[in-house]
Each structure stands twice: as C-alpha cells, then as structure tokens.
1. Using label points projected 7 Å from each Cα along Cα→Cβ, tell me how many nm separate Gln100 and Thr145, to one decimal.
2. Could you report segment 32-145's accessible area per residue, 1.4 Å probe, as an integer in Å²?
3. Mind giving me the nanometre distance, one decimal, between the label points for Arg89 and Ser58, set 7 Å out from Cα along Cα→Cβ?
4. Please state the Cα pair-distance histogram of segment 32-145 with 5 angstrom bins from zero: what percent is in each bin?
5. Calculate, in nm to one decimal, what Ala48 and Ala117 gain on full extension: separation in residues at 0.36 nm each, minus their alpha carbon distance.
6. Report the charge-dipole magnitude of segment 72-151 in Debye, nearest 20, computed about the Cα centre from +1 at each Lys and Arg Cβ and -1 at each Asp and Glu Cβ.
7. Keeping the other protein chains in place, figure out the carbon and sulfur percent of the accessible area of segment 32-145, with a 1.4 Å probe.
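The values are calculated or read from the model by the stated rules, or taken from the named source; none is laboratory data. This one's a predicted model, so the numbers in the text were calculated from it and none came from an experiment. As a convention, Cβ positions derive from the backbone with ideal geometry for all residues, glycine included, and neighbour counts pool all protein chains shown. The area values use the complete protein model at the heavy-atom level, side chains included, leaving out ligands, DNA and RNA. Shrake-Rupley method; radii C 1.70, N 1.55, O 1.52, S 1.80 Å.
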Amino acid sequence: MKMTAFKSLAAAVALGALTLVQAPALAQDATLKVEDAWVRATVPSQHATGVFMRLTSSAPARLVGVESDAAKHVEVHEMAMQDNVMKMRQIPALDLPAGQPVELKPGGYHVMLIDLAKQVSAGDPVALTLVVEDANGQQRRVPVTATARPLAGGAAPAAKHGH
C-alpha cells in the first residue's frame, strides 16, 4: 500500500516537472499562431520602443490589447498617411481574419511600449500578453516572449519573406 502511494506521488511529481519543462511550448493559444515576435532594442534614456510579430488566428478574432511589465503603457498602433504625412496613432483593436496572417511590422501595425521600465538590450526577452477577443466577445490572454534585436537590425532577413 505504501509503495503504491509512493509511486502515485512520484508519477505526479514527474508529470508536474514535465509540464514545467513544456510550459514555453504550450504558451501559444490553440487558435492563435504567433511567429517571429521581436522588439527593437533601445539606447539609454530612450522611453519607448516597438514590438513586432506575425499573428494568424484560426477563427475570426481581434487583438484588443497587449499587456507587459516592460512598460507603463502598452498600445497597439498603426502607421498611416494623413495629409501627406506618415503618422502613428493608437487603434482600439486590430482585426485578425481567420487563416490570414496579420503582420505587425515597422511602418505598419505594431505594439508600442511607452515609459519603459528599463533599457531593452539586444537579446533581452520581453514578456507580453496579447488580449484577443473572439467573435462572441470572449477574451483570452496569450503569453508571448519577444526577443530584442539590435537597433541596426530590423525585420527578419528578406530570405524569410519570400519576396
């Protein structure tokens, strides 16, 4: 009897350890694919930076917010021409059509980290939580880690884009 209890405890501990080891792989939401998440590194005294990624939802959804301890304010923005001037503005939500990749990239839609908690250096991981709303208005939170790329760096190499 005692041996059975020990085996059950050992199995539970092993399963718990396996779950912890697999946690990063399970961070993705089953209906939202997040690819190539990165943040632009900053210089000392820089107070804001952008976060970029590719989102593909398996069902119609909207990105309605982003949270992060890396900054006091986190906003979803778009770059758009207004009176022949490229301007950046916050948007309330970003549509994620089913099965269609949506690029968050420099010069387009992106996430802004404003009033940074500290400088973001190349290679730093930045934890984010995407707030995604489905067609029924139900919200879910999707954890994502974006890796900081050097200031001189930008989008992924052209070879990855197939242009």
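1. 3.2
2. I get 53 Å² per residue for segment 32-145.
3. 3.6
4. Calculated over all Cα pairs of segment 32-145, the distribution is 2, 12, 22, 24, 19, 12, 6, 2, 0 percent.
5. Stretched out fully, the Ala48 to Ala117 stretch lengthens by 23.9 nm.
6. Charge dipole, segment 72-151, about its Cα centre: 260 debye, nearest 20.
7. C and S atoms contribute 49 percent here.
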